[in-house]
Amino acid sequence: MDFKSIFSRKTKSSNIATQRLKLILTQDRFDVSEDSMKKLQFELTEVLAKYFEFTMNSVSMSLKREGNSYVLMADFPYQESSKLR
Amino acid sequence: MGKVIVITSGKGGVGKTTSTANIGTALALLGKTVVIIDADVGLRNLDVVMGLESRVVFTSMDVIEKKCDLEKALVKDRRVEDLMLLAASQRNRKDDIKPEQMQDICERLKVEYDFVLIDSPAGIEQGFHNAAAGAEEAIIITTPDVSAIRDADRIIGLLQNQDINPISLILNRLSPTLVKKGNMISKNDVLDILNIDLLGIVPEDEGVIASTNRGVPLVHNDGSPGAEAYMRIARRMTGQRVPIPEMREDNFFSNILNWFSRK
Ligand SMILES: Nc1ncnc2c1ncn2[C@@H]1O[C@H](COP(=O)(O)OP(=O)(O)OP(=O)(O)O)[C@@H](O)[C@H]1O
Ligand SMILES: [Mg+2]
């Protein structure tokens, strides 16, 4: 979510709240600093970039609760054009 | 053997005491035997919400200090059969009680009663740990806002580490009108984020404040949306299959309908 959309009147405040919550909870659940998160995200992107073509910084990570444990989810936008190198 | 359930939230003021009073009363109205325990030592108010403050003679502290028997410390409700309150001491501090002592009280009560509900204090300190110590199950109360949901998530993690299971959720103070306008986080988003079972949704209801003023739990007031929601929650807790209705929006048309159907 970028700075502009936070202040745009068009974005519903409930959507902003949900996005912010997802980010906050991922950090709470990981129990790591924002810096470490960014670093992990960056390194993951580097590894993926060896195999796929996609824009840097587009990996997003979250921890999802599944029963009594958490599942680490990393999403990156895969397009037709992101062919396997 | 009864069930011991802690009602907790992390964040303060989201409706733990209101929910304990109403669910306890609703379960008793359904014919169950119930004890509600105020675990908010030093800031007790479950007795006030129940309208029982003038009847409280002994507290859980007196039981722990062996100044009176457990049975004698239980205050009988004024309106419903088989509903008892164990009040908290107002003069003590939360760390004057140890988890083992709460556990012991719960163990003894669950032999005699179908449901033992514990009203937890806010926070994640000693008071919360004491409240959860004797519980096997938990009900998390949250309101649809960022900080309450964040705290709920933290509490769920702590309870899971203590093998408390099941843990279910009550979403309190939901306003369908605000959700529709896009100014309130929706039920589906809350569930997607917290990923635990939904026990019920309680709408924002002015009746809650009036009922607290009177010291009469809302569920005695048939027909109010909050009362119906708490009755459905209690039915689910007794094992009945009661679907969670989609909330109707509070609009001109439904207000008129309500007005005509009022008794
Ligand atoms: N569904 C509701 N509709 C309207 N008002 C509500 C609702 N639920 C709770 N309230 C109001 O919110 C306030 C806080 O409720 P309550 O005391 O039950 O919260 P709590 O979680 O027990 O607080 P604390 O953390 O201080 O113990 C009360 O004034 C109550 O009347
Ligand atoms: Mg309270």
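The values are calculated or read from the model by the stated rules, or taken from the named source; none is laboratory data. Keep in mind the model is a prediction, meaning the values are calculated, not measured. With ideal geometry, Cβ positions are generated from the backbone for all residues, glycine too; neighbour counts draw on all protein chains shown. Keep in mind that these areas ignore ligands, DNA and RNA; they rest on the heavy atoms of the full protein, side chains included. Shrake-Rupley method; radii C 1.70, N 1.55, O 1.52, S 1.80 Å.
Assorted remarks:
- Mean separation of Cα contacts under 8 Å (6+ apart) over length of chain B, as relative contact order %: 24 percent
- Evaluating 6.51 cos²θ - 1.76 cosθ + 1.60 at θ = phi - 60° for every residue in region B:128-141, the Karplus couplings come out as 5, 5, 4, 4, 8, 4, x, 8, 9, 10, 9, 10, 9, 9 Hz, glycine and proline recorded as x.
- Per the accessible-area calculation with a 1.4 Å probe, the total area buried between chain A and chain B rounds to 1600 Å².
- Dipole size of chain B about its Cα centre, with +1 on Lys/Arg Cβ and -1 on Asp/Glu Cβ: approximately 560 debye, rounded to the nearest 20.
- DSSP assigns beta bridges within chain B; of those with both partners inside it, close to 5 percent run antiparallel.
- DSSP-assigned coil residues among trypsin sites (Lys or Arg not before Pro) in region B:85-130, each with at most 12 further Cβ atoms within 10 Å: B:R91, B:R93
- Rounded to the nearest whole Hz, the Karplus-based 3J(HN,Hα) values (6.51 cos²θ - 1.76 cosθ + 1.60, θ = phi - 60°) of region B:177-182 follow the sequence 5, 5, 4, 5, 6, x, with x at glycine and proline.
- Residue-averaged [θ]222 nm for the protein assembly as shown, counting only DSSP H segments that reach four residues, each worth -39500 (n - 2.57): -13000 deg cm²/dmol
- Residues of the protein assembly as shown: accessible area per residue with a 1.4 Å probe, Å²: 54 Å²
- Across region B:15-26, rounded Karplus estimates of 3J(HN,Hα) from the backbone phi angles (6.51 cos²θ - 1.76 cosθ + 1.60, θ = phi - 60°) give x, 5, 5, 4, 5, 4, 4, 6, 5, x, 5, 4 Hz, Gly and Pro being marked x.
- The ellipsoid equivalent to the alpha-carbon distribution of region B:3-262 has semi-axes of 30, 21, 16 angstrom, derived from the gyration tensor eigenvalues as √(5λ) and listed largest first.
- Taking GluC sites (Glu not before Pro) across region B:48-87, the ones in a DSSP loop with at most 11 further Cβ atoms lying within 10 angstrom of their Cβ are B:E81.
- Listed residues B:I167, B:A28, B:M61: farthest to the positive end of the dipole of chain B (Cβ charges): B:A28
- Residue by residue along A:12-22, Cβ atoms of other protein chains within 10 Å of the local Cβ number 6 on average.
- Summing Cβ point charges (Lys, Arg +1; Asp, Glu -1) relative to the Cα centre of region B:12-74 gives a dipole of roughly 120 debye.
- A cut-off under 14 angstrom between Cβ atoms defines the neighbours of A:F76, and their net charge, with Lys, Arg +1 and Asp, Glu -1, is -3.
- Separation between Cα centres of region B:18-65 and region A:24-39, rounded to whole Å: 40 Å
- With K and R counted +1 and D and E -1, the other residues having a Cβ less than 9 Å from that of B:G2 yield a net charge of +1.
- Global form of region B:1-145, assessed from the alpha-carbon gyration tensor, a/c cut-off 1.5: rounded
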